[in-house]
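Notes for the one structure printed next.
None of the figures in this text is laboratory data; all of them are computed from the coordinates on show. Note that the structure is predicted; figures quoted are calculated from it, not measured. Virtual Cβ from ideal backbone geometry, glycine too; neighbours counted across all protein chains shown.
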Amino acid sequence: MVNYTPNIGVCYYPEHWPEDQWQSDAERMVQAGISQVRLAEFSWSKIEARRGEFSWGWLDRAVEILAQAGLSITMCTPTATPPKWLVDEMPDMLAYDADGRPRGFGSRRHYSFAHKGYRGESRRITRLIAERYGQHPAVTAWQTDNEYGCHDTAISWCPAARDGFRLWLADTYQTIDRLNDAWGTAFWSMRYASFDEIELPHLTVTEANPSHTLDFYRFSTEMVRQFNAEQVDILRQLSPGRPIAHNYMGMFDQFDHRPVAAALDIASWDSYPIGMLQNMASVGAPDTDMLTDCLRVGDPDFQAFHHDLYRGMGRLWVMEQQPGPVNWARTNAVPADGAVRMWSFEAAAHGAELISYFRWRQVPFAQEQMHAGLCLPDGRDAPAMKEAKQFIDEAGQLSWDAPSSAKIALIYEYEASWMAALDGQSADFSHLRLVLDVYRAIRQNGGSVDIVGSAADLSGYSLIIVPAVMTVSDKLADALHQSTAKIFMGPRTGAKTANFQIPANLPPGNLQSLAGFVIEQIDALPANQPVSCKWRNHAGRLHIWHERGQLMTGASAEGETESGLPLLIHNDRTSYLTGWVETGLMTLICAEQMRDAGLDVHEMPEYLRVRQSGDMLIFTNYGPRPVTIPDTFSGRLLLGERILPPAGVSILSSDN
């Protein structure tokens, strides 16, 4: 394993502040222990106020001041905020919303990934900034654009997208007859005579053909991939040897991140635990106790899930870490004392090489003026500064190793989220929430998880979890059939073909013989009307989704609903869960899956979590009350005590 110390960064906007403050800002960053500064992601109009009229001097001076202070720089391409003059030159570059209306200038992300003219401008400004700073010794990394797809901009319903989609379909299907077969256009007389007849799947009288929409989402991912790859190619040429990142988001599935990440070195993301707690509570089956108990710290598993998700796509950085109240959630609470330190330790525990706080100083104007930073608008330290310094000091005294592979793999696919939404049946069903519930159950049993795609190498895992992977590729099916690991599947696994049709042999399709179960009916339930069930004398409830069908020869059922229908199907080394069960029962079932796989199970207090990092076990307490580390964990204390206060962190040396 590679030994390292997590670097600490900050997002800095010198263009927002008088130039005579920059030097003292840089000096204070160094004094705080910060080593990396992100610059320029929203700077295009400052660099080029009119076409061809460049003002590089301010950025040159900012770079030199930071470099002379000993700080390294993550330089960004500024394409997330094209300037007004460019919009005026090519107004059709704007993204369109699903109602067919262009999205106007005045905030950010006002472009369509499919617009060829804007793609050319993106390459032009990327080349210019890379030519100027690509060889600067202080510029040690790059970020492309900013938060692809934020504000529902991954998908544009514009003429440029329509024209590009037609070409993509022609290349994908080759003949219109193949497309008609794949989409099932015999239904409702939707047959097409040519690719030029195809419009975007919106503004229809009722829902558009789901296969049509699914392909449009795939096309939209390809546009994001191409847009990103074009910038990466320029940066590789003009700034060789520097790693390239993009900053993804939490709870965002509008494009498939893995093809985009394939061109990058670093998969970074922007971690905002408190706002995301509220957003996650709006989907699936909300935990009202958690909304109260975790108001000031966030969901105990949401951040960890995304750390593990993005760590599976490259080197993990947290490009934006929340340091105080934000401005964009439904309500915006002040973090609990210790929360910023705890979030930082959790990121490091999951392998984050950089934890970068957003932002250095709270800005007193425009859209994000209520978004906290490490400093107040007048320059004094904000409360988070003390916690950031404490984390920097404590983390620097520990020996960190890049995380090794866990023993548990959880397969997560972005296309499954699209399919689950397109399939309808239940407005309360959230694919991401279901996957997070399974992930949470493993964590509540003290487990560590790798989140992987269906094309990943599954060898070496003791337990492979396949929740709601709607389409199972032949490659994944072969890997699961050949694996000697314990396999835990369902619900909604193998529900559709790649063309969004019901498998000819019924779900779970090509995993049917492995699951030992044939699904014949779906019971899609209101979230507020759960069904009672029991498993091994444990009573519980099943909500939102339940699959009914027939057991195959050799399979057996365990547990049942109040109607006597099977809850858990066992078939050799595979188990298939037929419904979405509440957290307590999911935790018990996952504990049994872990034991069957030969893995240790720990009974954890409700909000206590652990992640192994090298030879360290890092514990975090997301609850409102002190909790004690279970006696089943042994080892010497490296930080904290065995009783953790709220938002507390303790670290044991692992003797495993």
So what is the calculated 222 nm ellipticity per residue for the chain, using -39500 (n - 2.57) for each DSSP H run with n of 4 or more, over all residues, to the nearest 500 deg cm²/dmol?
-> -9500 deg cm²/dmol
Inter-label distance, nm, simple model (7 Å from Cα along the C-beta direction), residue 42/residue 573 = 5.2 nm
Rounded if a/c under 1.5, otherwise prolate or oblate - region 613-653, Cα gyration tensor axes = prolate
So what are the ³J(HN,Hα) numbers for region 581-595, from phi and the Karplus equation (6.51, -1.76, 1.60; θ = phi - 60°), rounded to whole Hz, Gly and Pro as x?
-> 9, 5, 4, x, 6, 4, 5, 5, 5, 5, 4, 5, 4, 5, 4
Using mean Cβ contacts within 10 Å as the protection proxy, how do 416-426, 235-245 order, highest first?
-> 416-426, 235-245
Taking 0.36 nm per intervening residue step and subtracting the Cα-Cα distance, what contour gain separates residue 328 from residue 376 on full extension?
-> 15.5 nm
With charges set only on the Cβ (+1 for Lys and Arg, -1 for Asp and Glu), what does the dipole of region 497-606 come to about its Cα centre, in debye to the nearest 20?
-> 180 debye
Report the antiparallel proportion of the DSSP beta bridges in region 408-596 as a percent, rounded to a multiple of 5.
-> 65 percent
Please report, to one decimal in angstroms, the Kirkwood hydrodynamic radius of region 565-656 built from all distinct Cα-Cα pairs.
-> 15.0 Å
Distance check, please: which entries in 496/534; 46/84; 407/534 exceed 22 angstrom between their Cα atoms?
-> 496/534; 407/534
Spacing of the two label points (7 Å from each Cα toward its C-beta) at residue 136 and residue 265, in nm | 1.7 nm
How large is Rg/Rh for the chain, to two decimals, with Cα atoms and a Kirkwood Rh?
-> 0.97
Place +1 on the Cβ of every Lys and Arg and -1 on the Cβ of every Asp and Glu in region 97-256, take the dipole about the Cα centre, and give the residue among 201, 130, 190 whose Cα lies farthest towards its positive end.
-> 130
Specify whether the C-alpha gyration tensor of region 192-282 places it in the rounded, prolate or oblate class, a ≥ b ≥ c being the square roots of the eigenvalues: rounded for a/c under 1.5, otherwise prolate if a/b is larger than b/c and oblate if not.
-> oblate
Cα gyration tensor shape for region 1-41, rounded if a/c is under 1.5, else prolate or oblate = oblate
Roughly how many whole Å is it from the C-alpha centroid of region 185-225 to that of region 342-381?
-> 42 Å
Neighbour-count ranking [beta-carbon atoms within 10 angstrom, fewest first] of 257, 543 = 543, 257
Taking the Cα centre of region 408-596 as the origin and placing charges on Cβ (Lys, Arg +1; Asp, Glu -1), which of 421, 559, 490 is farthest toward the positive end of the dipole?
-> 559
Amide H partners (placed H, <5 Å) of residue 400, local residues excluded = 4
Whole-number D in µm² s⁻¹ for region 1-112, Kirkwood Cα-pair radius fed into Stokes-Einstein, 20 °C, 1.002 mPa s | 133 µm²/s
Highest-first arrangement of 152-159, 378-385, where packing means the average Cβ count within 10 Å = 152-159, 378-385
Rank these for me by crowding, 428, 145, 171, going from fewest to most other beta carbons within 10 Å.
-> 171, 428, 145
Sorted by chain and number, the residues with a modelled amide H under 5 Å from that of residue 545, at a separation of 5 or more or across chains, are 525, 580
List the residues whose amide H sits under 5 Å from the amide H of residue 410, counting only those 5 or more places along or on another chain, with H placed 1.01 Å from N in the peptide plane.
-> 450, 451, 452, 465
Of all DSSP beta bridges with both partners in the chain, the antiparallel percent, nearest 5, is 50 percent
Whole-Hz ³J(HN,Hα) from phi, Karplus 6.51 cos²θ - 1.76 cosθ + 1.60, for region 420-435, glycine and proline x | 4, 6, 5, 5, x, 6, 9, 5, 8, 7, 10, 4, 4, 5, 4, 4
